[in-house]
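A quick write-up on the structure given underneath.
The values are calculated or read from the model by the stated rules, or taken from the named source; none is laboratory data. Source: prediction; values computed, not measured. Here Cβ is always computed from backbone atoms with ideal geometry, including for glycine, and neighbour counts include all displayed protein chains. Areas reflect the complete protein model, heavy atoms only, side chains present, ligands, DNA and RNA absent. Shrake-Rupley method; radii C 1.70, N 1.55, O 1.52, S 1.80 Å.
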Amino acid sequence: MRWNQEDISLYAESKEYIDTMIIPLIPFDVQKDELMKKQAFQKELLKLFASEVEKEYKGRILLAPEYHYISGRHKEEVDRVNHWIGQFTNLPFDHIFLFTLDMNWRKLSNDLQGEIVWLPGLQSGNLQSSEVQSFIKEQVSQIAEMIRSYW
Amino acid sequence: MSDKKQVSRRQFLNYSLTGVGGFMAAGMLAPMVRFAIDPVLQPSAAGKFKAVVEESELTSEPQRFTWKINQKDGWYESEVEKSAWVYKKENGEIVALSPICTHLGCTVDWASNEEYPNQFYCPCHGGRYKKNGVNIPNTPPTAPLPLYEHKVEEGMLYLGQAKSRGSGV
């Protein structure tokens, strides 16, 4: 399920079947052009990952709105991320996965109330090229399997 | 005076003016008629078939094939990947099933659960379907998997729209 009118109305009717949530964590930093470019690319990549995984398990996964933050202040963000997670676990959701390409979250994974799924991403590239597409497909099937092991 | 029937000057002018006028009228009307019936002549997007796989690759075991279609969805026109589980029955009939679970839309897999080796299995809520796509009672789905329209031309399998099969079992 995605965060749009149609899917959310379906979710509201069949809450008991949907117990898994994916929150993409998307950093940005406008200080350096190079970093901005990389982060913009990685944002596209991460959204693609999340939406492909959602497509596979549409009936059990809800894709949350993306969580955006300014990079480099992960410690301060922990509380806010946990606040988001708290909102969703109340609905209830049993499994919360935080998708990210930002490896700084790994050190804080114990403080977070959701499961960090760190994806080794690409620095840059062309999302339309067939190599990148097969790389994404391969990874998506592995992430999907990983999520299934939690169910 | 000869006794052959002569065309008088008046008649000749009448004929030629009618002829030329007729051509001019036709010249003006033809595009108008074409515009008026244009929507009827548009190929309907619904009936579009796409080449998916060579018929010789099909087996009696369902295999998953993917292909791309252009989909216009409100604001966006995008390329969407479609997929189908395709197999051949013993009598040679081709069956192409949509892999979208009729419960809440997950993707079903053939024989992915060891307990049900001859069924389609949905990993989300354990929905199951027989090989012909009919849902198994007492599992979450309430309708069979949709069937794709198909045709074979020159050894190539073409798939069209997936057609829902009602409420099933």
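So here's what we get for this one:
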| quantity | calculated |
| --- | --- |
| At least 20 Å² accessible surface lost relative to isolated chain, residues of region B:79-108 (1.4 Å probe) | B:GLU81, B:HIS103, B:LEU104, B:GLY105, B:CYS106, B:THR107 |
| B versus A: buried accessible surface, summed, Å² (probe 1.4 Å, to nearest 100) | 1000 |
| Shielded residues, region A:15-51 - accessible-area loss of 10 Å² or more between chain alone and all protein chains, probe 1.4 Å | A:TYR17 |
| Ellipsoid equivalent to chain A - semi-axes via the Cα gyration tensor, in Å | 24, 20, 14 |
| Mean Cα-pair separation over length for chain A, i.e. relative contact order, pairs under 8 Å, 6 or more apart, % | 29 |
| Relative contact order (%) - criterion: Cα under 8 Å, at least six apart; region: chain B | 18 |
| Most to least accessible of A:ARG60, B:ARG64 (protein chains only, probe 1.4 Å) | B:ARG64, A:ARG60 |
| Cα convex hull of region B:1-42 - mean projected area over all directions, nm² | 4.3 |
| Expected-Rg normalisation [2.2 N^0.38 Å, Cα atoms] applied to chain B | 1.88 |
| Burial order of peptide ranges A:102-112, B:97-107 (average beta-carbon count within 10 Å, highest first) | B:97-107, A:102-112 |
| Accessible area (Å², per residue) of region A:15-134, counting only protein heavy atoms and a probe of 1.4 Å | 53 |
| Whole-number Å³ per residue for the convex hull built on Cα positions in the protein assembly as shown | 269 |
| Helix runs (DSSP H) in chain A reaching 30 Å along axis by Cα, Kyte-Doolittle at least -1.0 | A:33-56, A:130-150 |
| Area of B:VAL7 that stays accessible when all protein chains are in place (1.4 Å probe, Å², to 10) | 90 |
| Surface per residue (accessible, 1.4 Å probe) for chain B, Å² | 68 |
| Percentage, to the nearest whole number, of Cα pairs in region B:46-123 over 15 Å apart | 65 |
| Angle in degrees between helix B:9-41 and the longest Cα principal axis of chain B, rounded to the nearest 10 | 10 |
| Carbon/sulfur fraction of accessible area - the protein assembly as shown, other protein chains in place, 1.4 Å, % | 52 |
| Cα-based equivalent ellipsoid, region A:70-151: semi-axes from gyration tensor eigenvalues, Å | 26, 18, 10 |
